[in-house]
1. Does the range 34-57 contain at least one residue that is assigned to a helix (DSSP H, G or I), charged (D, E, K, R) and under 12 Å from the mean Cα position of the chain (by Cα)?
2. How many of the residues in the range 62-116 are touching a Gly at 6+ places or on another chain (Cβ under 7 Å), without any contact (Cβ under 8 Å) to a residue 24 or more places away in the chain and open to solvent by 60 Å² or more (accessible area, probe 1.4 Å)?
3. Test Gly45 against the stated conditions and say whether it is under 15 Å from Ile20 (Cα atoms), surrounded by 10 or more Cβ atoms within 10 Å (Cβ to Cβ) and modelled with pLDDT of 95 or more.
4. Residue by residue through the range 28-42, note down the ones that are open to solvent by less than 60 Å² (accessible area, probe 1.4 Å) and over 18 Å from Tyr95 (Cα atoms).
5. Which one is nearest to Thr30 (Cα to Cα), of the residues in the range 43-94 that are in contact with a strand residue (DSSP E or B) (Cβ under 7 Å, 6 or more places away or on another chain) and among the charged types (D, E, K, R)?
Amino acid sequence: MTDVEDVEPFGDLARLDKIIHEPARLALVTVLSVRDGADFTFLAGAANLSRGNLSAHLGTLEDAGIIAVTKQFAGKRPQTWVVLTEHGRKAVHDYWDRMGAWRDQLDTAARNRLTD
């Protein structure tokens with residue numbers, strides 16, 4: 001294997017969506033990708049984030065067009081509801097596709113090294 005072949009899979013890692021790749025945001029969008037949406041309290045628990053951290057990460061994702069946030073009332077209590085946008089669903093799907101392809105490349109490279 002040439003030096004270029006050794007390095008190429010790592011270039012794909014550098015091209016990952018950095019907005020989604022951050023661990024807390026990755027947890028949030030992954031949860032949202034398997035649901036129709038979630039409220040603020042559920043997401044804070046699911047991602048193990050404080051309310052302030054969750055709010056900051058949701059702001060970043062919303063600014064990037066990955067999620068949509070709506071605020072409403074459930075009875076007299078305010079409720080923040082979060083959903084992935086269509087752009088967000090595609091971005092999450094593309095992220096996991098790229099990670100899977102990268103893992104497959106590395107697995108193949110590792111197997112080839114064992115047989116060399």
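The values are calculated or read from the model by the stated rules, or taken from the named source; none is laboratory data. As the structure is a prediction and not an experimental result, all values here were calculated from the model. All Cβ positions, glycine included, derive from the backbone under ideal geometry; neighbour counts span all protein chains shown. Side chains are part of the model used for accessible areas, which takes the heavy atoms of the whole protein and leaves out ligands, DNA and RNA. Shrake-Rupley method; radii C 1.70, N 1.55, O 1.52, S 1.80 Å.
1. Within the range 34-57 (the criterion being assigned to a helix (DSSP H, G or I), charged (D, E, K, R) and under 12 Å from the mean Cα position of the chain (by Cα)), the answer is no, since none of the residues qualifies.
2. So the count comes out to 1.
3. In short, no.
4. Gly37, Ala38, Asp39, Phe40
5. The qualifying residue nearest to Thr30 (Cα to Cα) is Glu62.
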